[in-house]
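Below you'll find the structure, written out as structure tokens, and then a few comments.
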Amino acid sequence: MAVMAAAVLLTLVLVVDGGAKIRAGNRADIAATEAARAAVLAVGPRGSDSGMQARLAVAAAKAYLAKDGVQGSAVILGPGRVQVAVQATERGPISGHPFTVTRTAVAALLVGVETGEQP
């Protein structure tokens, strides 16, 4: 009986704390996607100074991440393309173990009414 109770308790901890890891992954994924989108939209389709565009894009991504309360970084991949990597942490409600998950998203600005084209 004691072995059965221990097995049930262990299963409960794994399921509930596993949910914390899933929540951390979802949070990181959403934050990375939205920060990449914010970065691409901040620079727009045209710009004269690529260094200024890069600074604007990175600042927009970091502002979004700060507002969302997660850590991350942004990298300019090319004209109208930004990659954002995010780390989110959630603690398991039973074990208290921190689960840190990293997710990456790339956003590309497409310009056009009917079909998008790279700027």
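Of everything in region 47-75, what is modelled with pLDDT of 90 or more and in a loop (DSSP other than H, G, I, E, B)? Give them in sequence order.
Across region 47-75, the qualifying residues are G69, V70.
Let me spell it out: the conditions are (1) at pLDDT 95 or above; (2) farther than 20 Å from A107 by Cβ, and G18 meets all of them except one. Which number is the exception?
(1)
Scan region 86-107 for residues that are out of contact with any Gly (no Cβ under 6 Å at 6 or more places or on another chain) and assigned to a strand (DSSP E or B) and report the count.
Residues in region 86-107 being out of contact with any Gly (no Cβ under 6 Å at 6 or more places or on another chain) and assigned to a strand (DSSP E or B): 14 in total.
With respect to A5, is the statement that it is at pLDDT 85 or above and among the small types (G, A, S) true?
Details: at pLDDT 85 or above: no; among the small types (G, A, S): yes.
No; evaluated as a whole, the condition is false for this residue.
If you check V58, V13, which single one turns out to be surrounded by 12 or more Cβ atoms within 10 Å (Cβ to Cβ) and in contact (Cβ under 8 Å) with a residue 40 or more places away in the chain?
The unique qualifying residue is V13.
Would you confirm, using the coordinates I've provided, whether V3 is surrounded by fewer than 19 Cβ atoms within 10 Å (Cβ to Cβ) and either hydroxyl-bearing (S, T, Y) or not in a helix (DSSP H, G or I) (or both)?
Working: surrounded by fewer than 19 Cβ atoms within 10 Å (Cβ to Cβ): yes; either hydroxyl-bearing (S, T, Y) or not in a helix (DSSP H, G or I) (or both): no.
It is false that V3 is surrounded by fewer than 19 Cβ atoms within 10 Å (Cβ to Cβ) and either hydroxyl-bearing (S, T, Y) or not in a helix (DSSP H, G or I) (or both).
The values are calculated or read from the model by the stated rules, or taken from the named source; none is laboratory data. Keep in mind that this is a model prediction, so the values were computed, not measured. Using ideal geometry, Cβ is built from the backbone for each residue, glycine included, and neighbour counts are taken over all protein chains shown.
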